[in-house]
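See structure below.
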C-alpha cells in the first residue's frame with residue numbers, strides 16, 4: 001500500500017472515531033489556528049480559483065499570505081501590511097528590488113523570472129526576520145514615494161529635478 005493510501009485510511013478511521021468537528025478541532029490546535037480560520041482555509045481550497053491550473057512543468061496555486069503567517073502570528077500585522085504593499089507595488093516594485101533585498105541580507109536570490117514568482121520566497125524570508133526588522137522595513141517603505149528606474153529616466157529626459165532648472 002502507498003503512503004497516500006495509508007494516510008487516507010488513517011484519516012477515515014479518525015473521522016469515524018472522532019467525527020469531523022473533533023478531527024478539525026485537533027488539526028486547528030496542532031496548527032495553532034482557530035477553528036474558524038481553519039474552516040475558512042478549507043472552504044477556500046474548494047473555490048474554483050484554487051483549482052490546480054496547468055503550467056509548464058506542473059500546477060500552481062495563488063500565493064496566500066496566511067500560509068506564511070502560521071507559526072509567526074506575532075508578526076502577522078507586519079507581514080499582511082508588507083504583502084498589501086507588495087501587491088500594489090509600493091514595496092519591492094520590481095524584480096531587481098526583490099533581488100537586492102536578498103543580497104542585503106546575505107541570501108542568494110533564485111533565478112526568478114518575475115516578482116510574482118518570488119512572492120512566496122520573499123514572504124517566507126520576511127516571516128523569519130525579527131518583528132523589529134519588519135517594522136524597520138515598513139518604516140523605510142513609508143518614507144517617500146517609490147520611484148521606479150523608468151521614472152528616474154523620464155525625469156532626466158524631461159529635465160526635471162535638475163539644479164538651476166525650472
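For this structure, a couple of remarks:
- Of 122, 147, all but one fail to be modelled with pLDDT of 65 or more and in the same structural domain as residue 68 (by TED's automatic domain parsing); the exception is 122.
- Per this entry, residue 49 is not counted among residues that are surrounded by 13 or more Cβ atoms within 10 Å (Cβ to Cβ), farther than 28 Å from residue 132 by Cα, at pLDDT below 85 and not assigned by TED's automatic domain parsing to the domain that holds residue 120.
The values are calculated or read from the model by the stated rules, or taken from the named source; none is laboratory data. Keep in mind it's a predicted model, so treat the numbers as computed, not measured. Cβ atoms come from the backbone with ideal geometry, glycine included; neighbour counts cover every protein chain shown.
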